[in-house]
């Protein structure tokens, strides 16, 4: 599996090296400084080196793949503010069980009994309350990749439920398998900020 990750990084990095930094910055909403892209991820800034393989101490290969795929996605549309369920993206049904297991179920488990905490946690990540529900927050996982996290609180009849929705344009920025990873990281960032 590690070899597959390394191959994905090498392919994406090769593609990135052949792109104009100016064009990448304009399309993706990032900046370029001293041979590195500076990318906003869940309200934090990360460096993605254009052609170096130096890794910071907190290096995560899954994040690097996401960042590289995002930076090399060329010419996709800006967000349209039209929410779309994961299963509606082409090819998503195969990944739906992992999406539910990694992004949706942990969200419901952590915030189901205290849904207002979702808004608080999301705001710590630069998110804003969404009008989709009383307990919904929209977070820009990446500059042009907003994800909306929603909790429907439990009542006497129903267990708490969670939903994770994307902008209609999300699959233009990342392949569906990467959307699973991106939404999952967002869920875990929210959980880390739960108090």
Review point. With contacts defined as alpha carbon pairs under 8 Å and 6 or more residues apart, what's the relative contact order of the chain in percent?
Key: 24
Study note, to complete from the structure: For the chain, the longest principal axis of the Cα atoms and the Cα long axis of helix 2-17 enclose an angle in degrees, to the nearest 10, of 60
Practice item. Could you run the Debye sum over the Cα atoms of the stretch 118-170, one equal point scatterer each and no solvent, and tell me log10 of I(q)/I(0) at q = 0.31 Å⁻¹, two decimals? Key: -1.20
Revision key, fill the gap. Taking the alpha-carbon centre of each part, the distance from the stretch 115-159 to the stretch 90-111 in Å is 15
Practice item. Could you check which residue among 132, 157, 123 shows the biggest mean-square fluctuation in a GNM of the chain with a 10 Å Cα cutoff? Key: 157
Point to revise | Cα gyration tensor shape of the stretch 88-147, rounded if a/c is under 1.5, else prolate or oblate by comparing a/b with b/c | key: oblate
Exercise for review: Starting from the Kirkwood radius over alpha-carbon pairs of the stretch 83-192, derive D by Stokes-Einstein at 37 °C in a medium of 0.692 mPa s and give it in µm² s⁻¹.
Suggested key: 241
Check your understanding: Helix 176-192 versus the longest principal axis of the chain: what angle, 0 to 90°, nearest 10, using Cα atoms?
Key -> 60
**Study point:** the stretch 1-154, Cα convex hull volume normalised per residue, Å³
**Key:** 142
Check your understanding: Which peptide among 61-70, 107-116, 178-187, 30-39 comes first, and what is the full order, when sorted by highest mean count of other Cβ atoms within 10 Å?
Key -> 178-187, 61-70, 107-116, 30-39
**Study point:** Degrees, to the nearest 10: 61-71 long Cα axis against longest axis of the chain
**Key:** 70
Study note, to complete from the structure: Stretched fully, the stretch from residue 120 through residue 177 gains (0.36 nm per residue minus C-alpha distance, one decimal, in nm) 17.7 nm
Review point. GNM, the chain, Cα, under 10 Å: largest mean-square fluctuation among 105, 155, 47?
Key: 155
Practice item. Grab the DSSP H runs of the chain that are 4 residues or longer, score each as -39,500 (n - 2.57), total them, divide by all residues and round the 222 nm result to the nearest 500 deg cm²/dmol. Key: -11000 deg cm²/dmol
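Throughout, read-outs are computed from the coordinates displayed, never taken from laboratory work. Model, not experiment: these values are computed from the prediction. Don't worry about glycine lacking a Cβ; one is built from the backbone with ideal geometry, like all the others, and counts go over all protein chains shown.
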